[in-house]
Structures are given as structure tokens and as C-alpha cells.
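Let me begin by presenting the structure, written as C-alpha cells, before commenting on it.
The values are calculated or read from the model by the stated rules, or taken from the named source; none is laboratory data. What you see is a predicted model, and the numbers here were worked out from it, not measured in a lab. Please note: Cβ atoms are built from the backbone with ideal geometry, for glycine as well, and neighbour counts cover all protein chains shown. Protein only, heavy atoms only, side chains kept; ligands, DNA and RNA dropped before computing areas. Shrake-Rupley method; radii C 1.70, N 1.55, O 1.52, S 1.80 Å.
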Amino acid sequence: EIDAVCVGETMAVLHGRGPLAAGARLTVGTGGAESNTAVALAWLGHTAAWVSRVGGDPFGRIVTEAVAQGGVDVRGVVVDPARPTGLYVKDTGPGGAGALYYRAGSAASALSPADADRVWSRRARLIHLSGITAALSAPAAALVEHLLDRRAGEGVLRSFDVNHRPALWSPGTAAPALLDLARRADVVFVGRDEAERLWGTPEAEDVRAVLPEVPVLVVKDAGHGATCFDASGEVFVAPPRVDVVEEVGAGDAFAAGFLSGLLDGLPAERGLRLGHAVAAEVLRSAGDTLESVPPDAAEIRRG
Ligand code: KDG
């Protein structure tokens, strides 16, 4: 028995200093929303596994080793020699093109319901999924749907981060699909602005109104704070002040902090504070993945 299994694509990240067009030299890193959450959960003291598919190329080995180095069990990662590992290039900074994906036809886009056994066999207390997987391919979307189906894996908490990626699918397709998946989960994370873009819900309360049946709903409003709606009502927690270096991965870290509180039976208010504390660590660094335990985590846990 372990605490959590996170399922989804992890890519090799190519990043450099300065714009690509100006000849920036690129370094290889690792990035994937769900494995970022798994690594952060491991840093917070939980047993976490990552289930995915990678290519038989060096990038597949690099990302798998990086997630394993983060303290996550990677035995559920299958190597597919016929497909490449997905890549993304961060061309950030002034004049950059933003994040560029090279992931169509990747090994992880072949995730399908056939991968579900490797998830259920871990007998985890919680599984964590995101809307990114649903956008990868029809079989990957079917896997997410299967894993959220209450008839399978009874008693397992289903966590779903909406994580809308406009580069992967159109809003017209994404909006109903993501709403439908979120409705099936036990815990849902969504950005306020992301929900507004998808579902036309400007405030946290409006998001609650379209997802009234979700047992634990967390609406995150970037710099302002996060609101949790659950059976005991509504609670809002503002984040600490942070000098932001790079935002990528902060949402994944936030989810890990909140889920850590949930796994430990803490009240939602402390879960939100843990989420902010873990996100702050990632915001302060250039990498996408947590690399240390947030200094205030133990204090927040104690309350
Ligand atoms: O949340 C961070 C992710 O966006 C990043 O690590 C890459 O998984 C990724 C994605 O699909 O955008």
C-alpha cells in the first residue's frame, strides 16, 4: 500500500538563457505536471508512484531517472521503443516564443485503459490525474475516464487537476470534456482564470455552482489565494509573498501540498497553507519540480 499514484506524461524540457532565435544553448531537464506532483508528495514524506509511458530514447531514461531521483517509485513506467519521449522547449523571457511542445505521437500519448492495471495494482490511497492526459489522445482520455469511474478501484480517492493546455486542444472541445471529468473526481483543482476561460465562471463561487457535487473543490486565484469548498463549507487562504523566478510547476506543487494535508487528515485551511508553501518553493526556483522540503511545512502541519 502506498499513498499516491500519479499518472501522466513527463517530457524532457529543453531550456536555455535568452531567446532561442538568438541562439540560446539548451540544457535538458524534466517536466510533467503529474510527476511534478508525485515528486513534491515524496518530498513531503509520502510514498508516491508515477505511472506512464516513455520512449526508448535517452530522453525517456533521463526523465525516468529524474523522477526516481525525486524519491518516486517508477516501476509503473513502461518503455515503448516504437515512440519518442515527448519534448518541450521553454523559450521564455523577453522576445521568446513561450513553451513549445513536441509531443504529438509521443510514447505517453499511447497511454490507454490497458495501463490501468499498473495503477490499481499499487493499492494507493489516492490517484492523481490531470486534464493534460485527456488532451493527449482518445485512448489517453479513455484511461482518465476509466480511472475516475467509481466502479473501479473502490475507496480510492480520485484527484483531478483541470490543467487546461490550450496548445493541445480547442476550448470548444476542452470545456465540456474537462467539466465532465472534473464532475467524476473526489478532489478537483482548477485555476480561477482557467475556469473563467473554459466555463465562463468569473468567481470561485461560480465555479462551485458548475461543480456542486465535487466533495473537495479547490479554486486557485494566482497571486490572490485559493478557496476550498467541501462538506464543512468554504475556506479561503491567501498565499505568502514570494519573489517569483518562474511560475511553471507551481500548480503541481500546490496540489501536492493540499493532497498531503488531505492524506494526513488535516483541515482544509491547513491543506491550502501547505499548498501555498510548496508552490512558493517552486516559484522561487527556475525548475518545474520541487527540490527541497518547504521550511515552514512542519509548522503548518502542526497548526
Ligand atoms: O505544470 C507544469 C507543466 O505544464 C509542465 O511541467 C509541462 O506537463 C507539462 C505540460 O503538459 O504542460
The range 248-282: number of residues that are within 12 Å of the ligand (Cβ to nearest atom) and more than 15 Å from Phe189 (Cα to Cα): 2
query: Yes or no: Val218 part of a strand (DSSP E or B), open to solvent by less than 40 Å² (accessible area, probe 1.4 Å) and within 16 Å of the ligand (Cβ to nearest atom)?
result: yes
field: Checking Asp243 against (1) under 19 Å from the mean Cα position of the chain (by Cα); (2) over 29 Å from Arg123 (Cβ atoms); (3) without any contact (Cβ under 8 Å) to a residue 60 or more places away in the chain, the condition it does not meet
entry: (1)
- prompt: So how many residues does the range 144-168 have that are within 15 Å of the ligand (Cβ to nearest atom), open to solvent by 30 Å² or more (accessible area, probe 1.4 Å) and in contact with a strand residue (DSSP E or B) (Cβ under 7 Å, 6 or more places away or on another chain)?
  reply: 1
query: Which one of Thr10, Thr92, Thr37 is more than 23 Å from Leu126 (Cα to Cα), within 15 Å of the ligand (Cβ to nearest atom) and buried (at least 18 other Cβ atoms within 10 Å of the Cβ)?
result: Thr92
- prompt: Among the residues of the range 99-107, is any more than 16 Å from the ligand (Cβ to nearest atom) and either surrounded by fewer than 18 Cβ atoms within 10 Å (Cβ to Cβ) or more than 22 Å from Glu1 (Cα to Cα) (or both)?
  reply: no
query: Limited to the range 169-200, what total is found for residues that are of a type in the set (A, V, I, L, M) and out of contact with any strand residue (DSSP E or B) (no Cβ under 8 Å at 6 or more places or on another chain)?
result: 6
- request: Only one of these is touching a Phe, Trp or Tyr at 6+ places or on another chain (Cβ under 9 Å), free of Cβ contacts under 8 Å to residues at least 60 places away in the same chain and more than 14 Å from the ligand (Cβ to nearest atom): Ala42, Ala48, Ala68. Name it.
  value: Ala68
message: Name the single residue that is nearest to the ligand (Cβ to nearest atom) among those in the range 13-27 being assigned to a strand (DSSP E or B) and open to solvent by 60 Å² or more (accessible area, probe 1.4 Å).
response: His15
- request: Look through Ala182, Ala209, Ala174, Ala226 and report the one residue that is outside any loop (DSSP other than H, G, I, E, B) and loosely packed, with under 12 Cβ neighbours inside 10 Å.
  value: Ala209
task: Within the range 257-282, track down each residue that is open to solvent by less than 40 Å² (accessible area, probe 1.4 Å) and either farther than 22 Å from Ser35 by Cβ or in contact with a Phe, Trp or Tyr (Cβ under 8 Å, 6 or more places away or on another chain) (or both).
output: Phe258, Leu266, Ala268, Gly271, Leu272, Leu274, Gly275, His276, Val278, Ala279
- prompt: If you check Thr30 against the conditions, is it within 22 Å of Phe189 (Cβ to Cβ), within 11 Å of the ligand (Cβ to nearest atom) and open to solvent by 20 Å² or more (accessible area, probe 1.4 Å)?
  reply: yes
